[in-house]
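Novice: Structure below; questions to follow.
The values are calculated or read from the model by the stated rules, or taken from the named source; none is laboratory data. Because the structure is predicted, anything quoted here is derived from the model rather than measured. Quick reminder, even Gly has a Cβ in these numbers, built from the backbone with ideal geometry, and neighbours come from all protein chains shown.
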Amino acid sequence: MAVTLKDVAREAGVSRSAVSRTFTQGASVSDKMRRKVMKAARDLGYSPNALASSLTTGRTKLIGLISNNFHNPIFLEVFDLFTRGLQDRGLRPLLVNLTDETDPQNSVNMLRQYSVDGVIVASSTLPPSFARAFRDANMPVVHSFGRHSTSPDVHVVGIDNVTCGEMAADALIARGYTRVAFLGGPQSATSTQDRLQGFRNRLAGRPDITLHHSFAAAYSFDAGRSAMQAELAATPAEAYFCGDDVLSIGALSAIRSAGLSVPGDIGLIGLNDMEISRWQNIDLTTIHQPVQQIIASSIELVAAMLEDPHRYPEARLFPCRVIERGTLRPIL
């Protein structure tokens, strides 16, 4: 039989309400009483029931963690950091897979059923309307990896994807490439749109450089490989800015399967700097996204909103940098 609050009260020689107050954050209880109850709980092996506690406090401490790209290996790191970070704060992550979901109201209804205290939308492809739907339902929400705005409707933590596109263009210009291309993720994704915009902006004043673009069906290895195979069947560029590391690795696989070399025949630069990009057989030149800082800041914001749900929305922007490895030729 599980040890109950009543058993602890009997062991400690106190009332059940005293035991309840001891395990309720912020409740008034003397140090002497707390020591007595905690000793009895340790002796009996008692742990408070989190679900029962939520009925008393009105807080479940559940945080809905929403994403829609479980095929991208970067999210293994993202989920690991988010779940550990939330748990370290005494919060409980509830992971929600929104792959193929198009109606944000369905997500709102689902998380209402679990009485979550807050929501983190961890996606660079879900539109801002998803996060706004939670705000409109009076749920504290943070959009991690969301589209940057100087006047956001909800808290947004991430990077400036337009600037990242400019950085990628600068890297290719510095190496003397004259036929370049953008191979992005889904065309509907705001991250794809912004990265392409920055890439185009930087190259707009360079008539000596030709540019074309294409889009993969998803941010995945298979989609990147398929998109590059289509490029190779036509007239491939000298170098590609792939809007994501996993697309780059798929493209790298297609190039090598065609008997070509990287960077000898075709250069590649990605974005994210996920762990696999550092592997010796990949060695991908890429743009580092500070994932750890973005996640830590997102958790800090959602925890603050639990205390102040009406906290004014802010945008937190983190800088990126190019990581030099082996998939672009040397700078001229």
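Novice: With the requirement that a residue be among the small types (Gly, Ala, Ser) and in contact with a helix residue (DSSP H, G or I) (Cβ under 9 Å, 6 or more places away or on another chain), what does the stretch 145-169 give you?
Specialist: 146, 149, 158, 165, 168, 169
Novice: Now a separate question. Scan 226, 257 and give me the residue that is among the polar types (S, T, N, Q) and over 26 Å from residue 78 (Cα atoms).
Specialist: Among 226, 257, only 257 is among the polar types (S, T, N, Q) and over 26 Å from residue 78 (Cα atoms).
Residue by residue, here is whether (1) of a type in the set (D, E, K, R); (2) in a loop (DSSP other than H, G, I, E, B); (3) surrounded by fewer than 18 Cβ atoms within 10 Å (Cβ to Cβ) holds:
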residue: 256; (1), (2), (3): yes, no, yes
residue: 259; (1), (2), (3): no, yes, yes
residue: 262; (1), (2), (3): no, yes, no
residue: 268; (1), (2), (3): no, no, no
residue: 292; (1), (2), (3): no, no, yes
residue: 298; (1), (2), (3): no, no, no
residue: 303; (1), (2), (3): no, no, no
residue: 309; (1), (2), (3): no, yes, yes
residue: 312; (1), (2), (3): no, yes, yes
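Novice: Kindly provide the set of residues from the stretch 111-133 that are in contact (Cβ under 8 Å) with a residue 40 or more places away in the chain and part of a helix (DSSP H, G or I), ordered by number.
Specialist: If the condition is that a residue be in contact (Cβ under 8 Å) with a residue 40 or more places away in the chain and part of a helix (DSSP H, G or I), then 111, 128, 130 are the ones that fit.
Novice: Does the stretch 179-203 hold any residues that are surrounded by 14 or more Cβ atoms within 10 Å (Cβ to Cβ), more than 15 Å from residue 272 (Cβ to Cβ) and of a type in the set (Ser, Thr, Tyr), and which are they?
Specialist: The answer is 190, and nothing else.
Novice: Then there's this: Restricting to the stretch 204-252, count the residues that are surrounded by 24 or more Cβ atoms within 10 Å (Cβ to Cβ), of a type outside the set (A, V, I, L, M) and not in a loop (DSSP other than H, G, I, E, B).
Specialist: 7
Novice: Kindly evaluate residue 150 against the criterion of being farther than 22 Å from residue 259 by Cβ, at pLDDT below 95 and either outside the structural domain of residue 303 (by TED's automatic domain parsing) or surrounded by fewer than 19 Cβ atoms within 10 Å (Cβ to Cβ) (or both).
Specialist: yes
Novice: While we're looking at this one, here's another question. Please verify whether residue 252 is at pLDDT 95 or above, aliphatic (A, V, I, L, M) and under 22 Å from residue 161 (Cα atoms), treating the condition exactly as stated.
Specialist: No: the conditions fail for residue 252.
Novice: Check residue 103 against each of (1) in contact with an Asp or Glu (Cβ under 9 Å, 6 or more places away or on another chain); (2) in the same structural domain as residue 307 (by TED's automatic domain parsing); (3) charged (D, E, K, R) and name the one condition it does not meet.
Specialist: Just one mismatch for residue 103, condition (1).
Novice: Can you name every residue in the stretch 292-304 that is in contact with a strand residue (DSSP E or B) (Cβ under 6 Å, 6 or more places away or on another chain) and either within 15 Å of residue 124 (Cα to Cα) or of a type outside the set (Gly, Ala, Ser) (or both)?
Specialist: Matches in the stretch 292-304: 294, 298, 301, 302.
Novice: Next question, about the same structure. Do any residues in the stretch 172-191 that are on the phi > 0 side of the Ramachandran plot and not assigned by TED's automatic domain parsing to the domain that holds residue 266 have Cβ atoms under 7 Å from those of residues that are among the acidic types (Asp, Glu) and at pLDDT below 95, where the two are at least six apart or on different chains, and which pairs are they?
Specialist: none
Novice: Do any residues in the stretch 317-332 that are of a type in the set (Phe, Trp, Tyr) have Cβ atoms under 6 Å from those of residues that are part of a loop (DSSP other than H, G, I, E, B), where the two are at least six apart or on different chains, and which pairs are they?
Specialist: Between residues of the stretch 317-332 that are of a type in the set (Phe, Trp, Tyr) and residues that are part of a loop (DSSP other than H, G, I, E, B), the close pairs are 318/159; 318/290.
Novice: A further question on this structure: Return the residue satisfying two criteria in turn: it lies in the stretch 109-140 and is of a type in the set (Val, Ile, Thr) and under 23 Å from residue 186 (Cβ atoms), and of such residues it is modelled with the lowest pLDDT.
Specialist: 125
Novice: Sticking with this one: Considering only the stretch 317-326, I want to know if a residue exists there that is surrounded by 24 or more Cβ atoms within 10 Å (Cβ to Cβ), touching a strand residue (DSSP E or B) at 6+ places or on another chain (Cβ under 6 Å) and either part of a helix (DSSP H, G or I) or not charged (D, E, K, R) (or both).
Specialist: No, the conditions are met nowhere in the stretch 317-326.
Novice: Out of 129, 144, I need the residue that is more than 22 Å from residue 214 (Cα to Cα), assigned by TED's automatic domain parsing to the domain that holds residue 71, surrounded by fewer than 22 Cβ atoms within 10 Å (Cβ to Cβ) and small (Gly, Ala, Ser). Which one?
Specialist: Of the residues listed, the single one that is more than 22 Å from residue 214 (Cα to Cα), assigned by TED's automatic domain parsing to the domain that holds residue 71, surrounded by fewer than 22 Cβ atoms within 10 Å (Cβ to Cβ) and small (Gly, Ala, Ser) is 129.
Novice: Which of the residues that make up the stretch 274-317 are farther than 19 Å from residue 83 by Cβ, under 19 Å from the mean Cα position of the chain (by Cα) and of a type in the set (D, E, K, R)?
Specialist: 314, 316
Novice: The conditions are (1) closer than 21 Å to residue 272 by Cβ; (2) buried (at least 24 other Cβ atoms within 10 Å of the Cβ); (3) touching a Leu at 6+ places or on another chain (Cβ under 6 Å), and residue 155 fails exactly one of them. Which is it?
Specialist: (1)
Novice: For the structure I just gave you, tell me whether residue 123 is more than 22 Å from residue 69 (Cα to Cα), assigned by TED's automatic domain parsing to the domain that holds residue 312 and out of contact with any Leu (no Cβ under 6 Å at 6 or more places or on another chain).
Specialist: Answer is no for this residue.
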